[in-house]
Each structure stands twice: as structure tokens, then as C-alpha cells.
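Engineer: One structure, as C-alpha cells, below. Some questions next.
The values are calculated or read from the model by the stated rules, or taken from the named source; none is laboratory data. Only a predicted model underlies this, so the values are computations on that prediction, with no experimental measurement involved. Because the Cβ atoms are built from the backbone with ideal geometry, glycine has one as well, and the counts that use them run over all protein chains shown. Calculation scope for accessible area: heavy atoms of the full protein, side chains included, ligands and nucleic acids excluded. Shrake-Rupley method; radii C 1.70, N 1.55, O 1.52, S 1.80 Å.
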Amino acid sequence: MAEPEKENLTRLELQIMQAIWKLGASNVNAVQAELEQPLAYTTVQTMLNILHRKGKLKRRLRGRAYQYSAIVTEDKALGHAVRDLVDRMFGGSTEELVMSLIKNRQIDAKKIAELSRRLAQKGGGK
């Protein structure tokens, strides 16, 4: 299993990955243009290379520039981030996460009932 620090994405790495997930295989210029915040070409290139070294992206030489594409899916990255949050903040307890959402009024009984219905529709309810 990979080391935890290799699994988690920094905020900037996540923004770069979101651009790749949206665009598909892309070069540095395309990723740079997709980002909300203006970043230097070399910064984007460095971040893409870091993500490549971490095993999140693969790259292929097209002409004189690399084209980057995702190895890790958005769902997998989301799953790792949620698992990390639950482990670090709630001692691995998803129940504590839900209770925190309830206590902080970020989710209510109506929303929980809706989510339970959706889960049952997908065959995940017991």
C-alpha cells in the first residue's frame, strides 16, 4: 500500500487534477488556462511533474511537449481524502463524522432521510 502522504493531494495538486479530469489528456498550456488562479507556466509544469512522480498522472511526449493524463480517478482521490479526514479528525469513525455534521447543523433529519432513500435505491441499504 502507498504511503499516506503520497495518497493525499495538496490544494494546488487537487486543482491541477481537477483540470486534468475535466479536460482529459492535456499539455501544460491547457491546464494553465483551465485554472481559476493565474499561475506561471513553470509552476504548472512543476506541479504536473510532481503529480507524475507521485503516480497520479502519466505523461506522453507529443512533439516537443508532454501530454498529461490522470491515472487516479476523481472518485478514488475523493475516497482517499474522505478516509484521511475521517481517520485524522474522527478517529476512523464515520459515525462521528455524521454526528459532527448534525451537531454543527450542516445536515438535518430531512437530508438524512433523503440520503437513506438514495442509498436504499442503490441497493446499499440494509
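Engineer: Mind checking which pairs have a first residue in segment 57-86 that is of a type in the set (S, T, N, Q) and a second that is in a loop (DSSP other than H, G, I, E, B) and surrounded by fewer than 12 Cβ atoms within 10 Å (Cβ to Cβ), Cβ under 8 Å, 6 or more apart or different chains?
Structural biologist: As it stands, the answer is 69/24, since those pairs meet every condition given.
Engineer: Which members of segment 9-29 meet the condition of being among the β-branched types (Val, Ile, Thr) and either farther than 12 Å from residue 57 by Cα or surrounded by fewer than 17 Cβ atoms within 10 Å (Cβ to Cβ) (or both)?
Structural biologist: Taking segment 9-29 and keeping what is among the β-branched types (Val, Ile, Thr), we get 10, 16, 20, 28.
Correct list: 10, 28.
Engineer: Further question on the same structure: Please verify whether segment 42-49 includes one or more residues that are touching a residue at least 40 places away in the same chain (Cβ under 8 Å), assigned to a helix (DSSP H, G or I) and either closer than 19 Å to residue 9 by Cα or of a type in the set (Phe, Trp, Tyr) (or both). Talk me through it step by step, then tell me what you get.
Structural biologist: Applying the first criterion (touching a residue at least 40 places away in the same chain (Cβ under 8 Å)) to segment 42-49 yields none.
For segment 42-49, residues touching a residue at least 40 places away in the same chain (Cβ under 8 Å), assigned to a helix (DSSP H, G or I) and either closer than 19 Å to residue 9 by Cα or of a type in the set (Phe, Trp, Tyr) (or both): absent.
Okay, residues lined up against (1) touching a helix residue (DSSP H, G or I) at 6+ places or on another chain (Cβ under 6 Å); (2) open to solvent by 90 Å² or more (accessible area, probe 1.4 Å); (3) of a type in the set (Lys, Arg):
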{"residue": "31", "(1), (2), (3)": "yes, no, no"}
{"residue": "37", "(1), (2), (3)": "no, no, no"}
{"residue": "52", "(1), (2), (3)": "no, no, no"}
{"residue": "55", "(1), (2), (3)": "no, no, no"}
{"residue": "64", "(1), (2), (3)": "no, yes, yes"}
{"residue": "98", "(1), (2), (3)": "no, no, no"}
{"residue": "103", "(1), (2), (3)": "no, yes, yes"}
{"residue": "117", "(1), (2), (3)": "no, yes, yes"}
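Engineer: Among the residues of segment 12-30, are any at pLDDT 95 or above and charged (D, E, K, R)?
Structural biologist: yes
Engineer: Search segment 66-75 for residues being out of contact with any Phe, Trp or Tyr (no Cβ under 9 Å at 6 or more places or on another chain) and open to solvent by 40 Å² or more (accessible area, probe 1.4 Å), and hand back the single one that is farthest from residue 94 (Cα to Cα).
Structural biologist: Looking at residues that are out of contact with any Phe, Trp or Tyr (no Cβ under 9 Å at 6 or more places or on another chain) and open to solvent by 40 Å² or more (accessible area, probe 1.4 Å), I get 66.
Engineer: Scan segment 76-92 and give yes if some residue there is basic (Lys, Arg), under 18 Å from the mean Cα position of the chain (by Cα) and crowded, with 16+ Cβ neighbours inside 10 Å, otherwise no.
Structural biologist: Scanning segment 76-92, I find no residue that is basic (Lys, Arg), under 18 Å from the mean Cα position of the chain (by Cα) and crowded, with 16+ Cβ neighbours inside 10 Å, so the answer is no.
Engineer: Separate question: Of everything in segment 57-103, what is farther than 21 Å from residue 14 by Cα, small (Gly, Ala, Ser) and not in a strand (DSSP E or B)? Give them in sequence order.
Structural biologist: Those that are farther than 21 Å from residue 14 by Cα, small (Gly, Ala, Ser) and not in a strand (DSSP E or B): 63, 91, 92, 93, 100.
Engineer: Kindly indicate whether residue 42 is among the polar types (S, T, N, Q), within 30 Å of residue 101 (Cβ to Cβ) and open to solvent by 70 Å² or more (accessible area, probe 1.4 Å). Spell out how you get there, then give the answer.
Structural biologist: Values: among the polar types (S, T, N, Q): yes; within 30 Å of residue 101 (Cβ to Cβ): no; open to solvent by 70 Å² or more (accessible area, probe 1.4 Å): yes.
Against the criterion (among the polar types (S, T, N, Q), within 30 Å of residue 101 (Cβ to Cβ) and open to solvent by 70 Å² or more (accessible area, probe 1.4 Å)), residue 42 does not qualify.
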